[in-house]
Amino acid sequence: MLDGRSIELRCLEFEDLPQVVKWRNQRDIRKFFFEKALISISGQKAWFERYLEDRARAIFIAVSKKSGKPVGMIGLYNIDLMNHKAEIGSTMVGDPFMWGKGIAVEMVELLLRYAFEDLSLNRIYAYAIDFNLGSIRVKEKCGFQLEGTLNQDHYVNGKFHDVKLFGITRERWENRMI
Ligand SMILES: CC(C)(COP(=O)(O)OP(=O)(O)OC[C@H]1O[C@@H](n2cnc3c(N)ncnc32)[C@H](O)[C@@H]1OP(=O)(O)O)[C@@H](O)C(=O)NCCC(=O)NCCS
């Protein structure tokens with residue numbers, strides 16, 4: 001359990017899958033993900049079996065301390081212990097009415113502490129589509145730096161969009177904490 005101010009992060013469990021599918025299939029959330037297809041509970045169950053065997057991924061559910069209810073999801077992907085780096089992905093606050101309350105920033109901060117202090121990682125990176133201003137702002141607020149732009153990397157609804165690459169090193173994160 002990763003203990004924050006208003007939320008806790010705990011490991012994704014099989015029982016969470018119906019909730020995750022419900023969140024993830026909303027148009028307002030799906031449009032910001034790289035994979036836009038609808039997902040099914042059966043598909044997620046098959047995916048979860050593979051996920052349990054995969055040591056390169058660690059996915060968490062954020063639970064509100066006040067209500068005890070799940071409010072979001074965040075994960076570490078491509079965990080590369082040789083190079084001490086990983087990617088943050090699958091970040092979402094499931095109910096759009098809960099957006100703008102600082103939940104995503106808290107999720108990212110908790111995950112960064114876990115990545116740097118517990119997993120001894122050195123670099124965390126994340127991608128955002130150029131129109132996802134919320135995701136970009138969250139990364140900036142958590143100390144990530146813009147490292148580059150993948151020009152016209154993402155195609156959606158007849159238009160190519162740039163994808164922004166953000167990163168934060170352990171050194172930058174530690175200095176930011178002082
Ligand atoms: C992106 C997302 C995770 C942000 O969650 P959130 O809990 O609303 O974020 P926070 O409340 O922590 O906001 C942090 C900052 O981002 C800003 N922000 C949030 N959404 C924004 C938006 N749509 N446009 C501009 N700024 C936004 C907030 O105003 C805040 O900045 P401020 O303190 O300077 O005002 C949430 O909107 C979401 O789940 N979106 C759909 C899924 C998604 O896009 N995931 C990322 C895939 S890469």
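The values are calculated or read from the model by the stated rules, or taken from the named source; none is laboratory data. Predicted model only: the values in this text are computed from it and were never measured. Ideal geometry is used to build each Cβ from the backbone, glycine not excepted, and the neighbour counts take in all protein chains shown. Keep in mind that these areas ignore ligands, DNA and RNA; they rest on the heavy atoms of the full protein, side chains included. Shrake-Rupley method; radii C 1.70, N 1.55, O 1.52, S 1.80 Å.
For the reader, a short list of remarks on this structure follows.
- Modelled label reach - residue 151, point 7 Å along Cα→Cβ, the range 102-140 residues with backbone N closer than 19 Å: 128-131
- Comparing 151, 78, 25 in a Gaussian network model of the chain (Cα springs below 10 Å), the most mobile by mean-square fluctuation is 151.
- At most 10 other Cβ within 10 Å, DSSP loop - GluC sites (Glu not before Pro), the range 17-106: 35, 53
- Contact order relative to length of the range 52-109, as percent, for alpha carbon pairs under 8 angstrom and 6 or more apart: 26 percent
- Surface composition of the range 51-178: carbon and sulfur atoms hold 49% of the protein heavy-atom accessible area at a 1.4 Å probe.
- Looking at the range 58-137, the accessible area is 46 square angstrom per residue; that uses a 1.4 Å probe and ignores ligands, DNA and RNA.
- The Cα center of the range 15-37 and the Cα center of the range 102-178 differ in position by 20 Å.
- Most mobile of 98, 107, 82 in a GNM of the chain (Cα contacts under 10 Å): 82
- Helical mean residue ellipticity (222 nm; -39500 (n - 2.57) per DSSP H run of 4+; nearest 500) of the chain: -8000 deg cm²/dmol
- Relative contact order %, the range 108-168, counting alpha carbon pairs below 8 Å whose residues are six or more apart: 37 percent
- Most fluctuating residue given options 137, 113, 24, as computed from a GNM of the chain linking Cα atoms under 10 Å: 137
- Size-normalised alpha-carbon gyration radius of the range 44-172, reference 2.2 N^0.38 Å: 1.09
- Based on C-alpha pairs under 8 angstrom that are at least 6 apart in sequence, the chain has a relative contact order of 17 percent.
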